[in-house]
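Everything below concerns the one structure shown next.
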Amino acid sequence: MDSNLVHIVDDDEQIRNSLQFLLMTHKLNSRQFTGGRDFLRALPSLESGCILLDVRMPDMDGLQMMKMMRPCIERFSVIVMTGHGDVATAVEAMKLGAIDFIEKPFDEEALVRAVKAAQLKLGERIGDLDAKRDAEDRLAELTPRAKEVLGHLMGGHSNKVVAKRMDVSPRTVEMHRSNIFQKLGVKSLSEAVRLACMAGFVPQTEEEAV
């Protein structure tokens, strides 16, 4: 995913052009949208990136747009552009997932710094999301029986204890363990545990298994 693109959402063409020129002088690529509806229509095919979002627009205000895009807000870092002293709106936007706000008329250097910081945060978030999805995909390769073995191993139990609890031989547990490592692409139990935790895997407790 590319987190370097800046999406400019503002109904004022002059402001959009001014922002695009400013970003271009700092080697930041951008794309313009005339309002919330314009952005939402394009959303399914948009690259991840920072959004410079005006909150006061006639067709759909910025807060409404953020509510509509909530299911995929994690793909973007939103910076809202508010009127001077409009703290209440800025706070509401932050509650909806915005990471920063800039007051109009904005200081150009402050805006560029905010955009670069937003891109950095988004890059880290996307990296975490990609790692989580990768972990989930790897875990999905395991059979239910293998996941049961992994759950016991995550509980700190030895192969012999796991074998007794599952009513199988220690050799069978060892084979499962080897296959688990191979499918997860890890070389140790600690790596397997970290990957399973990243994927959100929750071992079944003994009480739940009964």
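The values are calculated or read from the model by the stated rules, or taken from the named source; none is laboratory data. Quick caveat, the model's predicted, so the values are computed rather than measured. Cβ atoms come from the backbone with ideal geometry, glycine included; neighbour counts cover every protein chain shown.
Among the numbered conditions (1) over 30 Å from Ile15 (Cα atoms); (2) exposed (fewer than 13 other Cβ atoms within 10 Å of the Cβ), the only one that Val149 does not meet is (2). On the stretch given as region 80-115, residues that are surrounded by fewer than 15 Cβ atoms within 10 Å (Cβ to Cβ) and either touching a residue at least 40 places away in the same chain (Cβ under 8 Å) or out of contact with any strand residue (DSSP E or B) (no Cβ under 8 Å at 6 or more places or on another chain) (or both) total 9.
Here is a check on your reading of the model: is Val149 under 31 Å from the mean Cα position of the chain (by Cα), among the β-branched types (Val, Ile, Thr) and in the same structural domain as Ser77 (by TED's automatic domain parsing)? When the stated conditions are applied, Val149 does not pass them.
The criterion of being crowded, with 16+ Cβ neighbours inside 10 Å and closer than 17 Å to Ala199 by Cβ does not hold for Ala140. Contact map, region 180-204: first residue closer than 16 Å to Asp134 by Cβ and assigned by TED's automatic domain parsing to the domain that holds Asp128, second residue assigned to a helix (DSSP H, G or I) and among the charged types (D, E, K, R), Cβ cut-off under 7 Å, separation 6 or more or different chains; the map is empty. Take Leu28 and tell me if it is out of contact with any Ser or Thr (no Cβ under 7 Å at 6 or more places or on another chain), part of a loop (DSSP other than H, G, I, E, B) and touching a residue at least 60 places away in the same chain (Cβ under 8 Å). Yes.
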